[in-house]
1. If you take the charge dipole of the chain about its Cα centre, with +1 on Lys and Arg Cβ and -1 on Asp and Glu Cβ, which of Thr68, Tyr84, Ala172 is farthest toward its positive end?
2. What are the lysines whose alpha-carbon lies under 23 Å from the alpha-carbon of Lys114, with same-chain residues fewer than 8 places away excluded?
3. How large is the convex hull of the Cα atoms of the chain per residue, expressed in Å³ as a whole number?
4. With springs only between Cα atoms under 10 Å apart, run a GNM on the chain and tell me which of Gly331, Gly88, Gly51 wobbles the most.
5. Putting +1 on Lys and Arg Cβ atoms and -1 on Asp and Glu Cβ atoms, find which of Asn349, Leu108, Leu384 reaches farthest to the positive end of the dipole of the chain.
6. Report the charge-dipole magnitude of the chain in Debye, nearest 20, computed about the Cα centre from +1 at each Lys and Arg Cβ and -1 at each Asp and Glu Cβ.
7. Summing +1 for each Lys or Arg and -1 for each Asp or Glu, what net charge is found among the other residues whose Cβ lies under 15 Å from the Cβ of Lys4?
8. Treating the beta-carbon of each Lys and Arg as +1 and of each Asp and Glu as -1, no other charges, what is the dipole magnitude of the range 70-227 about its Cα centre, to the nearest 20 debye?
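None of the figures in this text is laboratory data; all of them are computed from the coordinates on show. Nothing here was measured: the structure is a model prediction, and the numbers come from that model. Cβ placement follows ideal geometry from the backbone for every residue including glycine, while neighbour counts extend to all protein chains displayed.
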Amino acid sequence: MKFKRVFLIVLDSLGVGEAIDADSYGDKGANTLGNIINKYDLFIPNLKKLGFLNTLNMNNLESDAYYTIARPNNKGKDSLSGHYELMGIENNLIYKTFGENGFPRELLEEIVKKTKRGIIGNLVGNHEDVLKKLGNRHLETGSLIIYTTGESDLQIAASEDIIPINELYNYAEIIRKITEREEWKVGRVVARPFTFNNNEFKFTENTRYFTLTPPNKSVLDTLKEHDLQVISIGKICDIYNGYGITKIIKSSNNFEGLNKMNSIMDKKFEGLCYLNLSDFDTLYGHKRDTLGYAKAIEDLDVEIPILLNKLELDDLLIITADHGCDPTFPGVAHTRENVPVLVYSRLFNDPHQLEILDTMADIGATILENFKIEEKPWMGKSFLDKLN
């Protein structure tokens, strides 16, 4: 084994340029990081040292980490497909989206019938705007707020004072079963409890994702079977529907997620710590907030030295993304993009640019080989032997 602990950070939606098949998704010209830089002079000296900016042009410049880009292979451009691919799960299903006209009447009627609750909304938009628009009406009627962000998702929001959290989770499970039907099959049903205090609506940390069971075995399952730790931070556990996870740690924002990872770095364990930083996507990408997205990247940059200083000699840090969500692009949807791959260890003698990875699954395959596990994932090829 080369590294005892692997820390994997997914910068949710921080793509670095259109994928080969971007045109077929209507995403020609998408480049989340590149287009942010075109509009905002990013100050990210720490990420720059790791080769983050080099991934835009793959121009073979010096760096403190190995760097490259990975091409998406799975169908779709949602978090589920991206995270599946990272952990070696092949997925050829494009999950349903209802971003143009909202959900069909037949689906909504089925939800009302099975939950015995009224529903309001059926909107397409970001979370905060939906809450501002429908929060008061929900308090008056007790109806479930149903909406989508434009991705393959069905969001259910309710006040914790009107509908207790466990009751909302139960409704989400009912709707998850309904949406397993082929014509309504969304990737995620998301329960979003909120509070109302001092005339302000605010989502709580009790958000829970109800995803589909992964179509086949993942790298996470294999690590767990070999008695290695798989520690999930943020929405990672929900994305894989709990499969392959040994420890679940909640986090409600990027800052909290990074702090939780810092705490885990003080613990002794053998295996993988897997973190998703979702603010990039939910707070800035979908809202097409270029300035907010830029500042969030700068906030991450400040945290990088803390992470690097906590790494032990036998630790490996990998930073990547799952898809794009270009805030300069029309609409509110994700964008089909390549993702950055930064690989850092204090043991590396000569970090440099790696060859472009044909699939994001190479990351999961590399993690498996690191732990001397001979079982191969469904997709992906290890690049461990390129790290010296």
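1. Ala172
2. List returned: Lys96, Lys177, Lys185.
3. Details: hull volume 51.1 nm³, N = 388.
With only Cα atoms used, the chain gives 132 Å³ per residue.
4. Of Gly331, Gly88, Gly51, the most mobile in the Gaussian network model is Gly331.
5. Working it through, the farthest residue towards the positive pole turns out to be Leu108.
6. Values: 45 positive and 57 negative charges, 155 e Å.
With only Lys, Arg, Asp and Glu charged at Cβ, the dipole is about 740 debye.
7. Values: positive: Lys2, Arg5, Lys267, Lys268, Lys310, Arg346, Lys372; negative: Asp227, Asp266, Glu270, Glu312, Asp314, Asp315, Glu369.
Counting the neighbours of Lys4, the net charge comes to 0.
8. Details: 22 positive and 24 negative charges, 57 e Å.
Here the size comes out at about 280 debye.
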